[in-house]
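Student: Below: one structure in structure tokens.
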Amino acid sequence: MWLRVIVAGLVASSLVLAQGQRQAVSLILTGGTVVTMDASGRVLSPGAVAVDGRNIAAVDTPAAIAAKFSSQTTIDASGQVVMPGLINTHTHAPMVLYRGLADDLALMDWLQKYIFPAEAKTVTPDFVRAGTRLAALEMIESGTTTYADMYYFEEEIARVTREAGLRGVLGETIIQFPVADAKTPQEALARTESFIKEFAGDDLIVPAVAPHSMYTLDAGSLKAARALADRMHVPVLIHLSETTDEGKTSEAAHQASPTGYLETLGFWGPRTIAAHGVWLSPDDMSILAKHQVSVSHNPESNMKLASGAAKVVAMQQAGLVVGLGTDGAASNNDLDMFEAMRQAAFLAKLQTGDPRAVPARKALEMATIDGARALGMDREIGSLEAGKRADVIAVSVSSPRQTPMYDPLSHLVYVTRGDDVRTTIVNGRVLMRDRKVLTLDEPRVLNEARALADKVKAAVR
Ligand SMILES: [Zn+2]
């Protein structure tokens, strides 16, 4: 009896001690299935994530997290999957304002009759800000936490992205012909340099150099773009081998593929993301692998514009890191990365005739940790691990469409949609909770976008 009292007393006092020693953190998500996407593929069901400031403090069972951490803010993720935020490795955010303007056209008709005229008459800093707010709203609501972007007035895109709380790898488009924010490539390069200086060391924005493509820039501008990126230690974003026409033009002008031509210019280097790569040959793939260039695969845009089916499995076998992108919403027509995962898996199966191509786990990796690798940010983001940035989403898996659930990875890729996302957290900040976006005024953003649509319609009339 005595002994029991003493033991009970000891247990009670050690509990008090343990509680006293619990580390106070800013946020705890608990109760859901935690899909970490770490190297060991750890899934905790149930699991919990402790977030302290901008970082993940720990990922463990709910009991272990409760024993070690306390928080004023706890999010109950029961019936949900908690996972790393999705990484869109290629888009043009403000193009959401051209969504559905013109569809079902040949690429050159679509570009020359609709997109280029609309851009020439409507792209202004105000337009770009409104478009980015709309895109940010859509990305937050569909679980994208980081995106790579190239467009015009990119500094405005960066400011809106930072206000919305999203992470962005953003580059001012450099192109040979006069565009809204630069009359020459030199002007665009100068603009890029001041953009890089303005956002150097920013917590959310990684400035990049974004030469549009090998077919819209001369050799001097392409070399200058690479030199600027090397000098400022920033990533490079470029379009590559999107269509067969691009390949034909390159062969005729340079007797080389687009990849081979850029190799002769000394353009390739690490931390470079080549968007599309639909028509890469095995030789092209080995050139890119040699220089540690990554590829952004954009299955929906490639299908909608009938550009072709990128050989994703062959790229991965050649040692290339392949991230996943939506491309601009004008050729998709949304920014839903869940759909991009599903289409990447489906297209690879159709393209190879092998249902084992791009299995669910690989599609998820492409949208998370491989996307982080492609952007050179896998030490910070792409998986749920202590010490990484707290870019976390919680996704409902309780709808009829998702019932029953044998394998959360299968469900995330094959039946889940962007609007199943309940909570979106970037850098430890809650941007959306229970589908309510906290950093943007949704009705205002939608009204602004609808008002601008009238100007867009008038521009292509
Ligand atoms: Zn693009």
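Student: Give the whole-number value, in cubic angstrom per residue, of the convex hull volume spanned by the C-alpha atoms of the range 124-256.
Tutor: 113 Å³
Student: Could you state the number of Å between the C-alpha centres of the range 361-435 and the range 62-140?
Tutor: So the two Cα centres are separated by 15 Å.
Student: Right, another one. Can you tell me, using C-alpha contacts under 8 Å and at least 6 residues apart, the relative contact order of the chain as a whole percent?
Tutor: That works out to 20 percent.
Student: How large are Rg and Dmax for the range 220-285 when calculated on the C-alpha trace, in angstrom?
Tutor: 11.9, 34
Student: Too long at a 22 Å Cα-Cα cut-off: which of 197/223; 248/349; 113/223; 290/349; 183/223; 113/455?
Tutor: Pairs exceeding the cut-off: 248/349; 113/223; 290/349.
Student: Projecting each Cα onto the charge dipole of the chain (Lys/Arg +1, Asp/Glu -1 at the beta carbon, about the Cα centre), which of 82, 224, 130 comes out farthest on the positive side?
Tutor: Toward the positive end, the furthest listed residue is 82.
Student: Short version: ³J(HN,Hα) in whole Hz for each residue of the range 365-374, in order, from phi by Karplus 6.51 cos²θ - 1.76 cosθ + 1.60 (θ = phi - 60°), x for Gly and Pro, what are they?
Tutor: Each residue of the range 365-374 in turn: 4, 4, 8, 10, 5, 5, x, 4, 4, 4 Hz.
Student: For every helix of n ≥ 4 consecutive DSSP H residues, a contribution of -39,500 (n - 2.57) applies; sum these over the chain, divide by its total residues, and give [θ] at 222 nm rounded to the nearest 500 deg cm²/dmol.
Tutor: Mean residue ellipticity, 222 nm, calculated: -12000 deg cm²/dmol.
Student: Helix 442-459 versus the longest principal axis of the chain: what angle, 0 to 90°, nearest 10, using Cα atoms?
Tutor: For 442-459 against the chain, the angle is about 10 degrees.
Student: Follow-up question, since we're still on this one. Please list, in chain and number order, the residues 5+ apart from residue 151 or on another chain whose amide H is under 5 Å from its amide H, with Hs placed from the backbone.
Tutor: The answer is 171, 173.
Student: While we're looking at this one, here's another question. Can you work out the Karplus-derived ³J(HN,Hα) for every residue in the range 394-410? Use 6.51 cos²θ - 1.76 cosθ + 1.60 with θ = phi - 60°, whole Hz, and x for glycine or proline.
Tutor: 10, 10, 5, 10, 10, 6, x, 4, 10, 10, x, 10, 8, 9, x, 5, 4
Student: Please compute P(r) over all alpha-carbon pairs of the chain, binned at 10 Å starting from zero, and give each bin as a whole-number percent.
Tutor: Per 10 Å bin, starting at zero, the Cα-Cα P(r) for the chain comes out as 4, 21, 30, 25, 12, 4, 2, 1, 0, 0 percent.
Student: Further question: Show which aspartates and glutamates lie in cross-link reach of residue 68 when reach means a straight Cα distance below 15 angstrom and same-chain residues fewer than eight apart are skipped.
Tutor: 52, 60
Student: Taking every DSSP beta bridge that has both residues in the chain, what percent is antiparallel when rounded to the nearest 5?
Tutor: Rounded to the nearest five, the antiparallel share is 40 percent.
Student: Round to the nearest 10 and give me the degree value, 0 to 90, for the angle of helix 337-352's Cα axis relative to the longest principal axis of the chain.
Tutor: Roughly 60 degrees, rounded to the nearest 10.
Student: How fast does the range 273-402 diffuse by Stokes-Einstein, in µm²/s, taking the Kirkwood radius from C-alpha pairs at 4 °C and 1.567 mPa s?
Tutor: 85 µm²/s
Student: Here's another thing I want to ask about it. List the aspartates and glutamates whose Cα sits under 18 Å from the Cα of residue 436, skipping any in the same chain fewer than 8 residues away.
Tutor: Those aspartates and glutamates meeting the cut-off are 76, 138, 141, 163, 336, 391, 419, 420.
Student: Semi-axes of the equivalent ellipsoid for the range 30-130, please: Cα gyration tensor eigenvalues, times 5, square-rooted, ordered largest first, whole Å.
Tutor: 45, 16, 11
Student: So what's Rg/Rh here for the range 380-461, counting alpha carbon atoms and using the Kirkwood radius for Rh?
Tutor: Taking Rg over the Kirkwood Rh, I get 1.13.
Student: How charged is the neighbourhood of residue 41? Take every other residue with its Cβ under 14 Å from the Cβ of residue 41, and add Lys/Arg as +1 and Asp/Glu as -1.
Tutor: Summing Lys and Arg as +1 and Asp and Glu as -1 gives -2.
Student: On a 0 to 90° scale, report how tilted helix 244-254 is relative to the longest principal axis of the chain, with both axes built from alpha carbons and the result rounded to the nearest 10.
Tutor: The answer is roughly 60 degrees.
Student: Just the accessible area per residue of the chain, please: how many Å² with a 1.4 Å probe?
Tutor: Per residue, the chain has an accessible area of 40 Å².
The values are calculated or read from the model by the stated rules, or taken from the named source; none is laboratory data. All of these numbers come straight from a predicted model, not from anything done at the bench. Here Cβ is always computed from backbone atoms with ideal geometry, including for glycine, and neighbour counts include all displayed protein chains. Ligands, DNA and RNA are excluded from the accessible area calculation, which covers all protein heavy atoms including side chains. Shrake-Rupley method; radii C 1.70, N 1.55, O 1.52, S 1.80 Å.
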